[in-house]
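In what follows, a structure is listed as structure tokens, so that the remarks can point back to it.
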Ligand code: PEP
Ligand code: MN
């Protein structure tokens, strides 16, 4: 199978065909894709002209924490609230998330800000309980290969953010997306979140080239998560700017009202100050690049 790389030229953003005329396969050989897919997470379009920022804590910890986080990320221009209720932690002895109670707390916090929200689904068993509360499902890096979960998400009518497995090739990532799409759900956003390399100075290695390549080889929007990629808040604003400069569709970042007390991924959370600075920088860059950010 080959991934023809002519799709971006053949699919100008200004010439979008109706959904009925689109190919839905990101990976099929043969005739060019007619148009880039635009994914709608409620009223937020991903894959259009604008650059979309998804921000929030690693995990939903309590009602006040997620409310404060939602208010903070919204105040500085994030479009979509993120936060994990079902956490895929490396160790079973660490905080595993609040489960469906957390999803409900996040729904309230997002509604209070008038924002859509996204949260990770770990198992197909949880889809039914979650689907009425979430605006989009996230599939985590550790689940990219979980084909039964992907197939089940293909049967839902909610968009899916598909993170790249940290040891997955681009081709494997795109074929994972195809598992969702062939089920009938073409509302898929790809998210590069770092891959494992020999380097251990950062948590993972951000494959920015791979993200750009994935966007050239498919009609799907591609965003970047520099939080998990680097594990280092000091590096995140620079990689967020690089993501926008590379012409990608958006960003997912972890932000905590007080990272010193965060129950998961405390070391990589952006503080309110760093988050504000990052957003100010992105607004400047967006105006230079002609990318709407608000
Ligand atoms: C997350 O975004 O909460 C997360 C667990 O990320 P990843 O699946 O990329 O490790
Ligand atoms: Mn995290």
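Looking only at residues in the range 56-70 that are away from ligand 2 (no atom under 12 Å from the Cβ) and touching a helix residue (DSSP H, G or I) at 6+ places or on another chain (Cβ under 6 Å), the one that is farthest from residue 223 (Cα to Cα) is 63. Number of residues in the range 196-220 that are within 18 Å of residue 141 (Cβ to Cβ) and part of a loop (DSSP other than H, G, I, E, B) equals 10.
Give the residue that is farthest from residue 228 (Cα to Cα), with candidates limited to residues of the range 165-181 that are assigned to a loop (DSSP other than H, G, I, E, B) and in contact with a helix residue (DSSP H, G or I) (Cβ under 6 Å, 6 or more places away or on another chain). Lay out the reasoning, then the answer.
At the first step, the residues of the range 165-181 found to be assigned to a loop (DSSP other than H, G, I, E, B) are 165-169.
When the remaining residues are screened for being in contact with a helix residue (DSSP H, G or I) (Cβ under 6 Å, 6 or more places away or on another chain), the result is 165-166.
On the way: 165: 12, 166: 10 Å.
Looking at residues that are assigned to a loop (DSSP other than H, G, I, E, B) and in contact with a helix residue (DSSP H, G or I) (Cβ under 6 Å, 6 or more places away or on another chain), I get 165.
Looking across the range 187-202, the residues that are in contact (Cβ under 8 Å) with a residue 12 or more places away in the chain and surrounded by fewer than 21 Cβ atoms within 10 Å (Cβ to Cβ) come down to 195, 196, 202.
Count of the range 81-114 residues, restricted to those that are buried (at least 24 other Cβ atoms within 10 Å of the Cβ) and more than 16 Å from ligand 2 (Cβ to nearest atom), is 3. Would you check if there is a residue in the range 271-288 being touching a helix residue (DSSP H, G or I) at 6+ places or on another chain (Cβ under 6 Å), modelled with pLDDT of 95 or more and within 25 Å of residue 91 (Cα to Cα)? Yes; the residues of the range 271-288 include at least one that is touching a helix residue (DSSP H, G or I) at 6+ places or on another chain (Cβ under 6 Å), modelled with pLDDT of 95 or more and within 25 Å of residue 91 (Cα to Cα). Going by the structure shown, is residue 243 farther than 23 Å from residue 161 by Cα and either away from ligand 1 (no atom under 16 Å from the Cβ) or assigned to a helix (DSSP H, G or I) (or both)? So residue 243 fails the test.
Checked across the range 219-231, the condition of being in contact with a strand residue (DSSP E or B) (Cβ under 7 Å, 6 or more places away or on another chain) and surrounded by fewer than 24 Cβ atoms within 10 Å (Cβ to Cβ) holds for no residue. Every listed requirement among (1) outside any loop (DSSP other than H, G, I, E, B); (2) closer than 22 Å to residue 43 by Cβ is met by residue 132 save one, (1). Listed conditions (1) more than 16 Å from ligand 1 (Cβ to nearest atom); (2) surrounded by fewer than 24 Cβ atoms within 10 Å (Cβ to Cβ); (3) closer than 24 Å to residue 220 by Cβ are all met by residue 51, apart from (2).
Of the numbered criteria (1) in a helix (DSSP H, G or I); (2) touching a residue at least 12 places away in the same chain (Cβ under 8 Å); (3) more than 14 Å from the chain's Cα centre (by Cα), the one residue 184 fails is (1).
Screening residue 150 on (1) outside any helix (DSSP H, G or I); (2) surrounded by 24 or more Cβ atoms within 10 Å (Cβ to Cβ) shows it passes everything except condition (1). Annotation: residue 226 fulfils all but one of (1) more than 16 Å from ligand 2 (Cβ to nearest atom); (2) free of Cβ contacts under 8 Å to residues at least 40 places away in the same chain; (3) under 24 Å from residue 75 (Cβ atoms); the unmet one is (1). Restricting the range 264-290 to residues that are buried (at least 18 other Cβ atoms within 10 Å of the Cβ) and not in a helix (DSSP H, G or I), the residue that is farthest from ligand 1 (Cβ to nearest atom) is 270.
The values are calculated or read from the model by the stated rules, or taken from the named source; none is laboratory data. As the structure is a computational prediction, the values presented were derived from the model and not from experiment. As a convention, Cβ positions derive from the backbone with ideal geometry for all residues, glycine included, and neighbour counts pool all protein chains shown.
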